[in-house]
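Visitor: The following block contains the structure, expressed as structure tokens.
The values are calculated or read from the model by the stated rules, or taken from the named source; none is laboratory data. Note that the structure is a prediction, hence the values are computed from the model and not measured. Reconstructed Cβ throughout: ideal geometry from the backbone, glycine too, with neighbour counts over all protein chains shown.
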Amino acid sequence: MTEGANVAIAYVYCEYQDWATQSEDHILRSLTRQLVEQCTPVPLEVKAFRDKYSGRRTRPDFEERISLIRLLARYFERTYFFIDALVSSLSKFASAGVTGHL
């Protein structure tokens, strides 16, 4: 199906007993990292994003993280996200508004 295509796939497993893996922050960071790893070379926008927060005490907000994921997704013809979690975890993730943004 993806042979010869410019396709990105990112996967997150949420351990049901480990709430840290179910956090919005963890999931968005994981998806971003996986997309960056599939980009060769690393886009300049990613380097600028990293430099903006490097050495600072602040972290990117939700909208900035989603914007970066959207930007990275444009480097591919298709982008697939798989989130392996219990329904309760996905409900929390969806209620945070993440699924509507991806």
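Visitor: What is the number of the single condition among (1) at pLDDT below 90; (2) surrounded by 11 or more Cβ atoms within 10 Å (Cβ to Cβ); (3) not in a loop (DSSP other than H, G, I, E, B) that Tyr16 does not meet?
Guide: Result: Tyr16 passes all but (3).
Visitor: Which residues, counting only those in region 59-86, are of a type outside the set (Gly, Ala, Ser) and farther than 18 Å from His26 by Cβ?
Guide: Arg70, Leu71, Arg74, Tyr75, Phe76, Glu77, Arg78, Thr79, Tyr80
Visitor: Among the residues of region 54-76, is there at least one that is in a loop (DSSP other than H, G, I, E, B) and in contact with a strand residue (DSSP E or B) (Cβ under 9 Å, 6 or more places away or on another chain)?
Guide: Taking every residue of region 54-76 in turn, at least one turns out to be in a loop (DSSP other than H, G, I, E, B) and in contact with a strand residue (DSSP E or B) (Cβ under 9 Å, 6 or more places away or on another chain).
Visitor: Is it the case that region 53-68 has a residue that's loosely packed, with under 12 Cβ neighbours inside 10 Å and at pLDDT 90 or above?
Guide: yes
Visitor: Scan region 34-47 residue by residue and report those that are part of a helix (DSSP H, G or I) and surrounded by 10 or more Cβ atoms within 10 Å (Cβ to Cβ).
Guide: Gln34, Leu35, Val36, Glu37, Glu45, Val46, Lys47
Visitor: Out of Val36, Val42, Val87, Val7, report the one residue that is at pLDDT 95 or above, over 13 Å from the mean Cα position of the chain (by Cα) and hydrophobic (A, V, I, L, M, F, W, C).
Guide: Every option except Val7 fails the conditions.
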